[in-house]
Amino acid sequence: MPKFKNVLQIKVALKNFKPTIFRTFYFPANSGFVELHAAIQEVMGWDSSHLFAFRKGRDLEIGIPSNDTFFSFNQTILDISKTKLKGFLENPKDTITYEYDFGDGWEHKVDVQKVFPEIELPQLPYCIKGANACPIEDCGGVWGYADILDIMQDKKHPNYEEMNEWYDFENLEPYHFDIEEINDLLLDFKDCIAYHKSIIKEIKSSL
């Protein structure tokens, strides 16, 4: 089994939702936030179809800068393409918020749990734990998703048939989690990074 140096054990968990949707994975400490964004999208199961940002407190954002100062809201915005994890996520208990889809507002708590100077792993990144399926995209955030799951359990609900047409309850598996599938996706992580870099480049060119 190969050895990897300077590895973080990271837990990412969706905020404000029960049962907890989380993933725990090993990740190279010398990476940047673009790579972490790509990893979160893969391990959680998002579609990479919306804007996103990392936030530290109220005044610091790591994302895609805009020339329009209206969108900065007096924040310091660091370019995600130029920002490394070092200084933000490098020691146990270091934490940051990751928001995906500013409309639905899917906020994730990202925590460093452990740091390994060297560790044997089958691959890197490598998911070791998790629970529950990724939510449905474009469903209204955590509150909308919770409503959908409640209706799914109640065939007498007045909105059951309409929601079933939209979300296909028969094939909706909110408690599904397949760690082998996730790690298979992470085998192509270099291609995943390249894909996300191309998306970021395209967004920047449109701003």
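Tabulated values for the structure
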{"item": "Lone qualifier among Lys109, Lys129 - being exposed (fewer than 14 other Cβ atoms within 10 Å of the Cβ) and assigned to a strand (DSSP E or B)", "result": "Lys129"}
{"item": "Which listed residue is crowded, with 18+ Cβ neighbours inside 10 Å, in contact (Cβ under 8 Å) with a residue 24 or more places away in the chain and assigned by TED's automatic domain parsing to the domain that holds Gly103, from Arg23, Arg55", "result": "Arg23"}
{"item": "Positions within region 195-207 being more than 17 Å from the chain's Cα centre (by Cα) and in a helix (DSSP H, G or I), in sequence order", "result": "Ser198, Lys201, Glu202, Ile203, Lys204, Ser205, Ser206"}
{"item": "Candidate set: region 57-78, residues that are among the charged types (D, E, K, R) and at pLDDT below 95; chosen: the one nearest to Asp104 (Cα to Cα)", "result": "Arg58"}
{"item": "Extreme residue, nearest to Phe17 (Cα to Cα), among residues of region 160-193 that are of a type in the set (Asp, Glu) and not in a helix (DSSP H, G or I)", "result": "Glu173"}
{"item": "Test: Ser81 is at pLDDT below 95, among the polar types (S, T, N, Q) and closer than 18 Å to Phe189 by Cα", "result": "no"}
{"item": "Residue list for region 182-200, restricted to those being surrounded by 12 or more Cβ atoms within 10 Å (Cβ to Cβ) and not aliphatic (A, V, I, L, M)", "result": "Asn183, Asp188, Phe189, Cys192, Tyr195, His196, Lys197"}
{"item": "Out of Lys11, Lys84, sole residue that is under 23 Å from Asp178 (Cβ atoms), basic (Lys, Arg) and touching a residue at least 40 places away in the same chain (Cβ under 8 Å)", "result": "Lys11"}
{"item": "Close pairs from region 145-167: first over 24 Å from Gly105 (Cα atoms), partner among the aromatic types (Phe, Trp, Tyr), Cβ under 7 Å, at least 6 apart", "result": "Asp154/Tyr160"}
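The values are calculated or read from the model by the stated rules, or taken from the named source; none is laboratory data. This structure is a prediction, so every number in the text was calculated from the model and none was measured. Please note: Cβ atoms are built from the backbone with ideal geometry, for glycine as well, and neighbour counts cover all protein chains shown.
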